[in-house]
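Novice: Below is one structure. I have some questions about it.
The values are calculated or read from the model by the stated rules, or taken from the named source; none is laboratory data. What you see is a predicted model; the values in this text were computed from it and never measured. Cβ coordinates were reconstructed from backbone atoms using ideal geometry, including for glycine residues, and neighbour counts include every protein chain displayed. Side chains are part of the model used for accessible areas, which takes the heavy atoms of the whole protein and leaves out ligands, DNA and RNA. Shrake-Rupley method; radii C 1.70, N 1.55, O 1.52, S 1.80 Å.
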Amino acid sequence: MIEHIAKQADISKAAAGRALEAVIGGVKNTLKKGSSVTLVGFGTFAVGKRAARTGRNPQTGAAIKIKAAKVPKFRAGKALKDAINR
């Protein structure tokens, strides 16, 4: 990915790496705050909630409680779906 960014933007790989890390960091921070991030033409990153549930320990078969959690979600945009299906 870094090589692709460097080539397309005509910048060094180091600069491309910093740019990619900045974008990923921005997405992480926004999701941590509970907001969503929409990249027009690509998709939307959002935070979903997973309810607490009962699971099983695969080694012993004993029931275990799994805590509720926030999970990252991604929904592809129409342009991305169309590009993949061409």
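Novice: Take A79 and tell me if it is assigned to a helix (DSSP H, G or I), surrounded by 10 or more Cβ atoms within 10 Å (Cβ to Cβ), free of Cβ contacts under 8 Å to residues at least 60 places away in the same chain and in contact with an Asp or Glu (Cβ under 8 Å, 6 or more places away or on another chain).
Specialist: So A79 does not fit the description; no.
Novice: Can you list the strands (runs of 3 or more DSSP E) found entirely within the stretch 1-64 that contain at least 3 residues being open to solvent by less than 40 Å² (accessible area, probe 1.4 Å) and either closer than 27 Å to I84 by Cβ or in contact with a Pro (Cβ under 8 Å, 6 or more places away or on another chain) (or both)?
Specialist: Per the criteria, 43-50.
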